[in-house]
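For reference, the structure discussed in these notes is given below.
Throughout, read-outs are computed from the coordinates displayed, never taken from laboratory work. Just so it is clear, the structure is predicted and the values come from calculations on it, not from any experiment. Here the Cβ positions follow ideal geometry from the backbone for every residue, glycine too, while neighbour counts run over all protein chains shown.
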Amino acid sequence: MRHFITACLTLLSIQAMASDPWAKEIDHKAAKELHEKACTGCHTKMYGGDGSKIYTRDGRMLSNKLEILQRVASCNSTMNAGWFPEEEGHVAAWLNKHYYRFEN
């Protein structure tokens, strides 16, 4: 019975993540600062200028909010930024607001 309850709670949390993968209370100022500190340098090396072309280029591969969050988590790990999951969520939400504008 204990495993059944755990499984049900896990499924509920996954469903919640699918509809809104980041917290409803987003700290956009902190997210922008985190992004500028950990992301901008690498993106500038890749695309030049301010590096924002990585988000606006033709053929970008992200198509929903969850994919943004997954990409942010991957970059966090790759760059050893040391962000907590809630910080990843803030940055993903900030990116969605400023570049992607996905509803799903």
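Within the shell of other residues whose beta carbon sits under 15 angstrom from the beta carbon of Met61, the net charge comes to +3, with Lys and Arg scored +1 and Asp and Glu -1. Note on Thr40 and Met79: their simple-model spin labels are 1.1 nm apart, each label 7 Å out from Cα toward Cβ. Taking a sphere under 10 Å around the Cβ of Glu86 and counting the other residues whose Cβ falls inside, with K and R at +1 and D and E at -1, yields a net charge of -4. Rounded to the nearest 20, the Cβ-based charge dipole of region 13-104 about its Cα centre (Lys and Arg +1, Asp and Glu -1) stands at 320 debye.
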